[in-house]
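First up is the structure itself, then whatever we jot down about it.
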Amino acid sequence: MASTIRVRASATGDTTEVQALIQHPMDSGYVKDAKGDLIPAHFIQQVTFECNGKSVFVADWGTAVSKDPYVKFSFKGGNKGDDLKISWVDNKGASDTTTAKIA
Amino acid sequence: MNMTDTRFSTPRRLILQGIGAVALVGLGNIPFVSAAFAAANDKYPEDAFKAKTEADAIKALYGKPAEASDKVKLDAPEIAENGAVVPISVTTTLTDVTSISFLVADNPSALAASYVIPAGTMPSVANRIKMAKTSKVTAIIEAGGKLYSATKEVKVTVGGCGG
């Protein structure tokens with residue numbers, strides 16, 4: 001299966017801008033399905049971003065983050081061709097990891 | 001300028017002392033646990049996300065109150081047509097930023113997202129959050145061990161938390 005993480009990382013000078021889009025339902029636990037039953041909460045809790053093995057960004061998310069979450073940030077020190085490793089883990093213990101090259 | 005300074009110096013000093021005393025009394029109630037929070041930075045702050053109110057969430061996350069600052073630039077729409085996807089971003093001119101958090105006061109749980117900013121990462125984050133109804137949105141920035149915040153009211157026409 002294709003990765004749930006889509007990422008675009010581009011370096012301009014010494015600054016790398018990272019945009020990540022993750023496919024995830026991010027169910028809040030407050031929404032009911034067609035039968036009127038509550039859909040249990042199912043959401044990403046933590047996303048970590050590492051560049052060359054060094055943590056550059058950690059996102060802690062609650063249920064109030066939108067479905068298919070998007071996040072944008074930038075950091076200094078990344079170079080074109082460097083590896084950017086992104087991992088997430090949700091409240092049910094599921095996880096995914098991908099590694100992108102900085103363009 | 002000098003003249004007014006001398007003329008008003010006594011009452012001003014008294015007022016300043018008064019403010020200082022109030023601030024000290026206020027701080028006395030809050031346990032000094034910020035060091036413990038900083039150490040556990042990489043751990044998922046479960047309690048903070050479970051907190052219902054904005055004040056409880058800030059307390060669970062940082063253990064101290066935030067002060068409003070015009071150095072925190074919160075960018076949020078005036079009106080969000082769809083509460084399920086509200087684009088929010090924050091940026092700041094503050095330096096030494098270690099963490100950025102977003103809170104929605106009237107959501108079932110106030111804390112929406114919290115980001116750890118290691119040294120070398122820009123203090124600027126954009127993301128999309130859900131809002132149950134029209135509410136105040138607050139961004140909190142932790143810089144140099146202190147908390148700074150900016151708040152904006154976002155009107156929501158269709159809620160994002162419930163059917």
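Shape verdict for segment A:1-59, please, from the Cα gyration tensor: rounded (a/c under 1.5), prolate (a/b greater than b/c) or oblate.
Verdict is prolate for segment A:1-59.
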Exercise. Please give the average number of partner chain Cβ atoms lying within 10 Å of the Cβ of each residue in B:137-148, rounded to a whole number.
Key: 0
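Would you mind checking B:52/B:155; A:76/B:59; A:76/B:52; B:64/B:133 for any pair whose Cα atoms are more than 25 angstrom apart?
On the way: B:52/B:155 20 Å; A:76/B:59 31 Å; A:76/B:52 36 Å; B:64/B:133 27 Å.
Result: A:76/B:59; A:76/B:52; B:64/B:133 exceed 25 Å.
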Quiz item: For segment A:84-103 and segment A:1-67, what is the separation of their Cα centres, given in Å?
Solution: 9
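Quote the relative contact order of segment A:5-101 in percent (integer), defining contacts as alpha-carbon pairs under 8 Å separated by 6+ residues. Before the final figure, lay out the partial values.
Details: 212 pairs, mean separation 31.3, N = 97.
Once normalised by length, the contact order is 32 percent.
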Exercise. Please name which of A:62, A:12, A:45 has its Cα lying farthest along the dipole of segment A:5-101 towards the positive end, using unit charges on Cβ (Lys, Arg +1; Asp, Glu -1) and the Cα centre as origin.
Key: A:12
Quiz prompt | Overall Cα dimensions of segment B:31-156, principal axis frame, Å, largest first | solution = 40, 29, 22
Self-check item: segment A:7-103, Rg to Rh (Cα coordinates; Rh as Kirkwood inverse mean 1/r)
Solution: 1.08
Quiz item: Any idea which of B:124, B:141, B:88 is furthest toward the positive side of the dipole for segment B:31-156, if Lys and Arg beta-carbons carry +1 and Asp and Glu beta-carbons -1?
Solution: B:88
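Across peptide A:69-79, what mean number of C-beta atoms from other chains lies inside 10 Å of a residue's C-beta?
Working: counts 4, 5, 7, 5, 11, 5, 6, 4, 3, 1, 0.
Other-chain Cβ atoms within 10 Å of each residue's Cβ, averaged: 5.
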Self-check item: Derived scalar couplings ³J(HN,Hα) [segment A:96-102; Karplus, 6.51 cos²θ - 1.76 cosθ + 1.60; whole Hz; x for Gly, Pro]
Solution: 8, 9, 9, 10, 10, 8, 6
Quiz item: So for the pair residue A:12, residue A:72, with labels modelled 7 Å out along Cα→Cβ, what separation do we get in nm?
Solution: 1.1
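Taken together, the values in this text are just the output of simple stated rules run on the coordinates, not laboratory data. This is a predicted model, so every value here is computed, not measured. Cβ: placed from backbone, ideal geometry, glycine included. Neighbour counts: every protein chain shown.
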